Amino acid sequence: MGMGVSVREAIAKRAAEEIKDGMVVNLGIGIPTLVANYISPNVNVMFHAENGVLGTGPSPLKGEEDANLCNAGGIPITVAPGASYFDSTLAFGIIRRGLLDVTILGAFEVSESGDLANWIVPGKIVSGMGGAVDLAQKAKKVIVLMNHTDKHGNPKIVQKCTLPLTAEKCVNLIITDMAVIEVTEQGLSLIEVKDPYTVEDVINATGAELHVPDHVK
């Protein structure tokens with residue numbers, strides 16, 4: 001089942017709450033690109049793009065796009081005061097040195113141990129895995145934004161990924177259209193349930209054991 005614009009924006013808005021002042025953050029393709037639109041004006045953050053920009057800003061207004069400014073996915077961007085430009089070698093050097101505080105990615109599947117599968121569905125044509133492997137392995141915190149289930153209603157949060165892995169045990173937080181789930185050493189822990197869903201709805205839509213604490217927001 002497809003995800004409406006309002007749902008995508010709600011997920012991005014919740015993810016923006018995880019961004020703290022002074023962070024360096026990379027946003028993946030899809031819903032993650034929307035996160036920059038919901039950062040509080042009081043939060044000073046530098047968004048990083050693999051094609052060589054540090055300091056990207058919110059999406060430009062329609063008709064105000066600059067053909068020379070885009071992120072790694074080719075999506076038009078703006079830049080914040082103090083932004084810098086460099087080649088992709090330096091961009092990946094920043095990633096591989098572990099200098100990113102957070103990376104926010106989309107996913108096809110996430111396992112109960114935090115394994116990530118987000119770059120290919122067998123039999124489908126893709127341009128390549130891009131920087132996802134480096135981002136997932138090297139960022140200090142990895143947040144995944146996605147539908148809780150696929151278009152057939154099957155869980156995307158599973159005991160073990162069936163799709164080719166991007167990286168093992170890398171995901172820290174999962175934000176979906178139904179819930180916010182933390183990946184811990186003890187397994188998956190339910191933090192928040194989104195209206196109009198219930199805890200039971202989330203459990204039934206999750207293909208792995210889910211720990212439910214006494215208090216769930």
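Worth pointing out:
- Bridging of Lys13 to lysines at a Cα separation below 22 Å is possible for Lys62, Lys140, Lys141, Lys156, Lys194, Lys217, once same-chain residues fewer than 8 apart are set aside.
- In percent, rounded to a whole number, the relative contact order of segment 5-211 is 18, using alpha-carbon pairs under 8 Å and six or more apart.
- Accessible area of the chain belonging to carbon and sulfur atoms, whole % at 1.4 Å probe: 52
- A simple charge model with +1 on the Cβ of Lys and Arg, -1 on the Cβ of Asp and Glu and nothing else charged puts the dipole of segment 129-192 at about 160 debye relative to its Cα centre.
- Cβ-Cβ distance of Glu209 and Cys70, R₀ of 25 Å, FRET efficiency by 1/(1 + (r/R0)^6): the value works out to about 0.05.
- Tail beyond 30 Å, pair distance distribution of the chain (Cα, percent): 21
- For segment 106-117, putting each phi into the Karplus relation 6.51 cos²θ - 1.76 cosθ + 1.60 with θ = phi - 60° gives couplings of x, 7, 8, 8, 9, 8, 5, 9, x, 5, 10, 10 Hz, in residue order, rounded to whole numbers and with x for Gly and Pro.
- Only Lys, Arg, Asp and Glu carry charge here, each on its Cβ (+1 for the first two, -1 for the last two); on that basis the chain has a dipole of about 360 debye about its Cα centre.
- Here the label points at Lys62 and Val7, each 7 Å from Cα along the C-beta direction, are separated by 2.3 nm in the simple model.
- The slack in the chain from Lys217 to Asn154, taken as 0.36 nm per residue of separation less the alpha-carbon distance, amounts to 20.2 nm.
- When the Cα positions of Ser6, Val144, Ser59 are compared along the charge dipole of the chain, Ser59 comes out farthest toward the positive end, with charges on each C-beta of Lys, Arg, Asp and Glu.
- Each peptide in 27-38, 68-79 receives the mean, over its residues, of other Cβ atoms within 10 Å, and ordering these scores from highest gives 27-38, 68-79.
- Angle of helix 5-16 to the longest C-alpha principal axis of the chain, folded into 0 to 90 degrees and rounded to 10: 80°.
The values are calculated or read from the model by the stated rules, or taken from the named source; none is laboratory data. Values in this document were obtained by computation on a predicted structure and should not be read as measured data. All Cβ positions, even for glycine, are placed from backbone atoms using ideal geometry, and neighbour counts span all protein chains on display. SASA here: full protein model, heavy atoms, side chains in, ligands and nucleic acids out. Shrake-Rupley method; radii C 1.70, N 1.55, O 1.52, S 1.80 Å.
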